[in-house]
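Heads up: the structure comes next, in structure tokens.
The values are calculated or read from the model by the stated rules, or taken from the named source; none is laboratory data. Here the structure is a predicted model, which is why all the values come from computation and not from measurement. Here Cβ is always computed from backbone atoms with ideal geometry, including for glycine, and neighbour counts include all displayed protein chains. Calculation scope for accessible area: heavy atoms of the full protein, side chains included, ligands and nucleic acids excluded. Shrake-Rupley method; radii C 1.70, N 1.55, O 1.52, S 1.80 Å.
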Amino acid sequence: MAPERARVAFVFPGQGSQAPAMGRSLRESSAAARKVWQAADASYGASLSGLTGAGSPEDLQPTDVQQPAIVAASVAALAAFNEVLSVHGAAVTASGYPLHVAALAGHSVGLVSAAVAAGCTPVGEAVALVRDRGRFMASAAFEKPGRMAAVLGLDERAVENLAAAIRAETPGSYLAVANVNAPQQVVVAGDLAAIDRIVTEGRKAGARRVIPLSVSGAFHSVAMLPAQAAMRERLLAIGIDPPAAPVISNIDAGQLFDPSAIRAELANHIAAPVRWLDGIRTIEALGVRHIVEFGHGSVLTGMLRRTVKDIGLHNVSDMASARATAAALTNG
């Protein structure tokens, strides 16, 4: 009798995971990862690998560089992992894959990486898509300036109440919850004046810390509605195939099986809060034994350590971690 395949979920990070030289180690040590970056460079229209491999933090600052680089690095990490598993390509397959992938999830732009991993669209199309996604979001941020801040030590309801109070006292404010990442780790997005207020007043309301984030706009807020509309039009040019495993929605934490639902999610989540914590609860309910983060750093793994119990957590960012994770999962 064949051994039972390990039941896992694959997750992919969003903005905040980028850093100079990300992906370089994998490009140098994995033929599969190099192939992903070659496809990314070709579709991006410039040397994305050069910008990330030898660039400075300033080179990675533009949103239309950051987002494609994050997707390329994440998909390349999965490709290297699959190479270790003797699986061809940068996706999972519904049959024959050596692990039971119960779900795939991505934080914000990581949702595009999850769609690639699920076999919905090739990495080349995905990189071109997120290049334009970044441009749409940068344009929306220019038209409606804003920022984001992480509120630590308060739950979602408390942060919502604090944001509502500041909105009521700040003319024209659109401050609101943008990400619910982990218990008592909530990100808000809004106009510049309201973000200044929540940073200075958050501790009075009981927050442990309020940290301004180094981002160029109020992402996942009403400020991004023009980007959402532009993305909806852009997605008409992209083929979306059925996923090999369900993709978890950022909007309502549901399981997405239908290509039309995934297409709608890829546009609509740009202006909606990322309900990451709820998505992880959905993954937990599927009975997974392991969660693997693919990409540079371990931002999501850090969140997961504060969220889940009795689930093995793994991060694949280089060949050593790809081999270690493959060994841990294929040995039970």
Estimated dipole of the chain in Debye, rounded to 20 [Cβ of Lys and Arg +1, of Asp and Glu -1, Cα centre]: 480
Share of accessible surface on carbon and sulfur in the chain, whole %, 1.4 Å probe and ligands ignored, is 53
Considering the options 277, 239, 228, tell which one lies farthest towards the positive end of the dipole of segment 226-287, charges being +1 on Lys and Arg and -1 on Asp and Glu at the Cβ, about the Cα centre. 228
What is the list of residues in segment 95-115 whose amide nitrogen lies under 20 Å from a point 7 angstrom out from the Cα of residue 241, following Cα to Cβ? 95-106, 111-115
Which labelled figure in (1) 0.99; (2) 0.96; (3) 1.03 is Rg/Rh (Cα atoms, Kirkwood Rh), once derived from the coordinates: (2)
Report the gain in length on full extension from residue 285 to residue 222: 0.36 nm times residue separation, minus Cα-Cα distance, nm rounded to one decimal. 19.6 nm
Between residue 42 and residue 192, Cβ-based FRET efficiency (R0 45 Å, step 0.05) works out to 0.70
Distance in nm between residue 7 and residue 233 label points, each 7 Å along Cα→Cβ, equals 4.5
What dipole magnitude, in Debye to the nearest 20, does segment 202-259 give about its Cα centre under +1 on Lys/Arg Cβ and -1 on Asp/Glu Cβ? 640
For the chain, give me the percentage of DSSP beta bridges that are antiparallel, rounded to the nearest 5 percent. 50
How far apart, in nm, are the 7 Å Cα→Cβ label points at residue 157 and residue 88? 5.4
Within the chain, helix-based [θ] at 222 nm, where runs of 4 or more DSSP H residues each add -39,500 (n - 2.57), nearest 500: -14000 deg cm²/dmol
With N set to the number of residues, divide the alpha-carbon radius of gyration of segment 102-194 by 2.2 N^0.38 Å and report two decimals. 1.33
Long-range alpha-carbon pairs in segment 166-288, meaning those over 20 Å apart, account in percent for 53
Rolling a 1.4 Å sphere over the protein heavy atoms, what is the accessible area per residue of the chain, to the nearest Å²? 39
Mind listing the long-range amide H neighbours of residue 107? Cut-off is under 5 Å, sequence gap 5 or more, other chains count too, H placed in the peptide plane at 1.01 Å from N. 12, 14
Under 5 Å from the placed amide H of residue 256, counting only residues 5+ away or on other chains, we find 247, 248, 249
Leading residue at positive end of dipole, segment 238-332 (Cβ point charges), from 313, 286, 261: 313
